[in-house]
């Protein structure tokens, strides 16, 4: 009589499960590396989507006192400028904090529209040329 311990064999199901887990782990690692390498493009894409959604909301539901033509011009110029320039994450963080709550209630009022335009103008101050200067009437009269 021998005192041999029977060898445990790994079942085919367990082996297949390990292979599937390994493949999924490799896919997750590749996706993570790709997202890290393309983070600027992903941030720009997400920002463009958010800004366009706010612009669309303002166009679909006009707000009294908000010039949608000016909003559209600033928004289009902002997206173009963002896609062409290097991303400054410090400035982007400030911008994101300013506009992140705007589309949450699906209704944008005039104060939120002003905040939206101001956030874009703070991010790219050169866009201020798209905002016409407020004309001030001269109330002084000259007498001859």
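A compact table of results
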{"quantity": "Residues within the range 103-118 that are surrounded by fewer than 19 Cβ atoms within 10 Å (Cβ to Cβ) and part of a helix (DSSP H, G or I), tallied", "calculated": "8"}
{"quantity": "Qualifying residue in the range 37-50 (condition: at pLDDT 90 or above, over 15 Å from the mean Cα position of the chain (by Cα) and not in a loop (DSSP other than H, G, I, E, B))", "calculated": "yes"}
{"quantity": "Test for residue 20: is it more than 16 Å from the chain's Cα centre (by Cα) and either under 22 Å from residue 129 (Cα atoms) or free of Cβ contacts under 8 Å to residues at least 40 places away in the same chain (or both)", "calculated": "yes"}
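The values are calculated or read from the model by the stated rules, or taken from the named source; none is laboratory data. Values in this document were obtained by computation on a predicted structure and should not be read as measured data. Here the Cβ is made from the backbone with ideal geometry for all residues, glycine too, and neighbour counts use every protein chain on show.
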